[in-house]
Every structure is written in C-alpha cells, then in structure tokens.
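Quick notes on the structure that follows.
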Amino acid sequence: MIKHYIVIDIVGLEFDHLESGLIPTISRIANEGESAKMEPVFPAVTCPVQASLLSGTYPNQHGIISNGLYDRTNHNISFWEQSSDLVQTDRIWDKVQKDNKSRSGTNNISSSVRSSSIDSIAVLFWQNTMYCKANIVVTPHPLHLDNGTVMWCYSKPVGYYDHQLVGRFGEFNLATYWGPFASHKSSEWISEATIYTLENQRPNLLFTYIPHIDYSAQRFGKNSSKVKADLKIADSIVENIVQKTVELGIKDESQFVILSEYGFNDVSAAIPLNLKLRDAGLFKTRTIQDKEYLDYEFSNAFAMVDHQIAHIFIKEGFANQTKKVLEGIPGIDRLIHEDEKKHLKIDHERSGEIIAISNKDKWFSYYWWYDPENAPGFAGNVDIHRKPGYDPVELFIDPKTRSIPQDTGLVKGSHGRPADPTTGEGFALYASSKSGLLNNDNSLHYAKVVKCVDVGRYLIGLFT
C-alpha cells in the first residue's frame, strides 16, 4: 500500500526530455509507471498552474489569473503575493481536512474505504501557501526593513525554518532563488529541506519545488547548453530524494510524481505594451522627483504584463479605442474578449477587460518611459512586488552600474501562451512511478496528454 506521495515540481521539464539521456532517474520513474504531456491552464505561468494542480480547478474558479493581481479597490498591482486566502477554491489540504471531519462524524463509514489514509501534508516553496492548512509549510517571506532585508522564510510549525532548517543548512539565500545570481543552489537548498522533512516528519503527501531550470531557459533559451546542464542537476536532485526513501525503508510504499508547469518558447524581442498605450494617450504617468510612475487615476488603459500574456485594465468608455490600439501593435498574436475568456476558463472578475497574447517569439515588458533616466527607481532593482509586471530582465546585471539593465533583448525564453495540441507548444510533463491516472499503455514512445486540472483531481481523489 502506498503511504507516501512525493510530488516534485521541476519547472521547465518537457516530455521530450525523457528521451534526451539527460534525466535518467526521472525517465526511469516514468518507465516504471506512466508519463504524459501535461496541458497547463491558461495563462501558463506559475501561480495559476500551481493553484490548478492543487485544486483541480481552473482560474475562473480559483481566481489566480496570473502571477500578479490588480486590486481595483486600492488601485495597486502587486506580484507574487503569498497569502493562501487569495486562492478562492479549496485545495487538497482543505479537502482532506473537510473529508476527515466528515468521516469522523459518520460512524458507519470505515476509514478503510479511502484510497489512502493521510495524517500530514507538507508543501515546500509552492506559491500562495502562507497560512494554508497544510501541516508543514516553508515558503520565502523576506522582511523588508529600513536598513536592509532579512532573508526569512515563513514556516509551519512555527520555528520549523528558524530552529530546524537554518541550523542544518543555513539561511535560504534569496539571491539564488531570483535575480542575477539565481542558480541551482536554490534548488539544492530546497532539496535538502525536502529530504530532512521526509526523514523527520514522514508526511503522507509532500509537495516540493525545484526552480533552477526556469532561470537558464529564460536567460539562454530552451535548447541551450545551460538548460541541458541544469536538467542533469535536477535529475541528480530527484535521485537524492529517491535514495533517501531507500535509506528510510519507505521506497516500496512511496509514489513519486514528477511534473512541471509549462513549456518554454524561445523569444527574440519584447513588446512594451504600456508605452504603446501611452503613445495613444490612454496610459498616463505621474512624475515624482523626476521619475515617471503609472498614474492609476488618469490612465484609461494599462497593462499588467506576465511573460507572454497581459491583462489590460480599461476604464468604462475606452474599450473600443483600446482594442483598436492593441490590434495595431506588431507582435500581438491575439486579443481575448468575453466569449474566449469563457472558453479559456479565465473569465474571472480579477482578469483584465482584454487579455493580450504575444506572438510565440515575443514577450511583454511593463516599460512605459521614453528616456531611461525617467524610469522609476525600481526598474534598476530586483523588486518583484512593486513592479506592475513580471520582469525577467531581473535575471541579468549590468557589471558597470551593478544594477538591473533595461535591455529586454537579453531575455531568450518565455511562456504563458495557451498550449497548442497541433504543434506541441507549451506542454509540460507529468510522470509517475505508479500507474493510476492513465491507461496501461505508458510507453515513452507514445505520448499521452493530460490536463493539469486532471492531475490535481487525481491527487485529490487519492485522499478524499
């Protein structure tokens, strides 16, 4: 009987990598059980996909419509908010808790009816997990003080990070997790924390996150030598986790699920949507100490950009004008309106009035200034929360100024567009050491396709 489910999210893995020879451990897991191309939800970016994997629902239900959110009440855009309450549907730990309460109050139903029993869930470094109902949680939550930043992680139980993980592995270095010095070292720290959690907590269900391939794919492109090297590192991390289950004597009662969130596209240029809207008189700035900031009060349209998609927020009466402007911008593949929002299951009140999708080889920047000297102060810094758009240029540094350059041409990989079954664009990977979600024909030479929401429903169904 399976007692331990270990779900490893390795960003940037694709189905074709299984036959590349670069990930023998992951390929062996797939051969032992099952594997498939996995279709992410739209938009194919981290927070919506993770929320769908954990809830088995689409963005129009869970409300996570990108990595950022526009607060229409406070007129503010923020990215990478971490509160669990932002997710508007139950996730697996919520469903398990409700199921446990239901079963405990129903005397005539035996717990043996369940597919698997569950006593604890651990979730390490997944998004929107602060204050969630999982038993064990670790997620970065730096404290920004006047005299610097405290590299801290929120954890549950209280002190799990401070008193157990830090004492053994040192503080988690946020500079290796994001920014110009981001690297495989972040994944290695997380993997050590994962192994420690397995050994000392023995959760029935463990989710962990391995991010480093994402960095090299954005910096150098999906087929670069750097990505190939990082694939090998990711495979060795999985091998270490598997080996720990052998040492603990729990391998035979463990199921490994390896997945990713999206596939990458190689890109050659960025589209500065807000600058285009400014040219048309729709986007307004307010100058403060010679720096130009987005003026929410007087802008009639502005874009919250996220990789290859953008939510366009439009004031009443300016929809047609904004649409005409967007239709004339080279590099935009298509515009999503109400009917197609429903089709893509992104019809949620948090979504923009229009959603733009870039061409496959383009991405959207948040830039709105004509002169770099007038760029807001955060443009030159790693500042993931205040920028009103995702900024992959933060992965680079100008050696002369020691700041983030304003050169969008440095970025070589992006994602976010809807997955395309005809071309295979955008598909991620699902692999499991045990059969269950798919039919018995799981040959690596025959690529089945599953939706990420179905992977989520499968995991939920194991415990409820």
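The values are calculated or read from the model by the stated rules, or taken from the named source; none is laboratory data. Computed from a predicted model, the values in this text were never measured in an experiment. Heads up, the Cβs are rebuilt from the backbone with ideal geometry, glycines too, and the neighbour counts pull from every protein chain shown.
Numbers at a glance
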{"quantity": "Lone qualifier among ALA30, ALA44 - being out of contact with any Ser or Thr (no Cβ under 9 Å at 6 or more places or on another chain) and buried (at least 22 other Cβ atoms within 10 Å of the Cβ)", "calculated": "ALA44"}
{"quantity": "Residues within segment 327-338 that are surrounded by fewer than 22 Cβ atoms within 10 Å (Cβ to Cβ) and outside any loop (DSSP other than H, G, I, E, B), tallied", "calculated": "6"}
{"quantity": "Qualifying positions in segment 1-52 - among the acidic types (Asp, Glu) and in a helix (DSSP H, G or I)", "calculated": "ASP16, GLU19, GLU32"}
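Residue-wise test of (1) over 21 Å from TRP126 (Cα atoms); (2) outside the structural domain of LEU395 (by TED's automatic domain parsing); (3) in contact with a helix residue (DSSP H, G or I) (Cβ under 7 Å, 6 or more places away or on another chain).
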{"position": "TYR215", "(1), (2), (3)": "no, yes, yes"}
{"position": "LYS226", "(1), (2), (3)": "yes, yes, yes"}
{"position": "ASP230", "(1), (2), (3)": "no, yes, yes"}
{"position": "ILE241", "(1), (2), (3)": "no, yes, yes"}
{"position": "VAL246", "(1), (2), (3)": "yes, yes, no"}
{"position": "ASP252", "(1), (2), (3)": "yes, yes, no"}
{"position": "VAL257", "(1), (2), (3)": "no, yes, no"}
